[in-house]
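Accompanying notes for the structure given below.
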């Protein structure tokens, strides 16, 4: 039982570190200039994006392309510009993180 608890704590710590690392990536790539995890800023809150696309087939690939190429019309009239500073791997990491926030 103690070993199971210890393993659970270690795994939970790892998940927290991954979540923090992805929040740090979002800050480093300037995503937080327009987004917040919990509140709408210029763009939608990341948790709202995660909730909207939860369980949708193909959502990850669709959102990766939106992050890279930009988009408009889904969350209002303000368009999201293309993010040339991101490579596809970083965009996918960020999208997986956002989808986990639902």
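List, please: which pairs have Cβ atoms under 6 Å, are six or more places apart or on different chains, and start with a residue in region 41-54 that is at negative phi and in a helix (DSSP H, G or I) and end with one that is crowded, with 18+ Cβ neighbours inside 10 Å and modelled with pLDDT of 95 or more?
Between residues of region 41-54 that are at negative phi and in a helix (DSSP H, G or I) and residues that are crowded, with 18+ Cβ neighbours inside 10 Å and modelled with pLDDT of 95 or more, the close pairs are 46/35; 46/98; 49/98; 50/98; 50/99.
State all residues of region 57-88 that are touching a helix residue (DSSP H, G or I) at 6+ places or on another chain (Cβ under 9 Å) and free of Cβ contacts under 8 Å to residues at least 24 places away in the same chain; if no residue qualifies, say none. Walk me through how you get there before you give the answer.
Kept after step one, since they are touching a helix residue (DSSP H, G or I) at 6+ places or on another chain (Cβ under 9 Å), are these residues of region 57-88: 59-68, 71, 74-75, 80, 82-84, 86-88.
Those that are touching a helix residue (DSSP H, G or I) at 6+ places or on another chain (Cβ under 9 Å) and free of Cβ contacts under 8 Å to residues at least 24 places away in the same chain: 61, 62, 65, 66, 68, 71, 74, 82, 84, 87.
When residue 95 is evaluated against the numbered criteria (1) at pLDDT 95 or above; (2) not in a helix (DSSP H, G or I), which criterion, by number, is the only one it fails?
Just one mismatch for residue 95, condition (2).
Exactly one of these conditions fails for residue 61: (1) surrounded by fewer than 17 Cβ atoms within 10 Å (Cβ to Cβ); (2) in contact with a strand residue (DSSP E or B) (Cβ under 6 Å, 6 or more places away or on another chain). Give me its number.
(2) is the only condition that residue 61 fails.
The values are calculated or read from the model by the stated rules, or taken from the named source; none is laboratory data. All figures in this text were calculated on a predicted structure; none of them were measured in a lab. Glycine also receives a Cβ, built like all others from the backbone with ideal geometry; neighbour counts cover every protein chain displayed.
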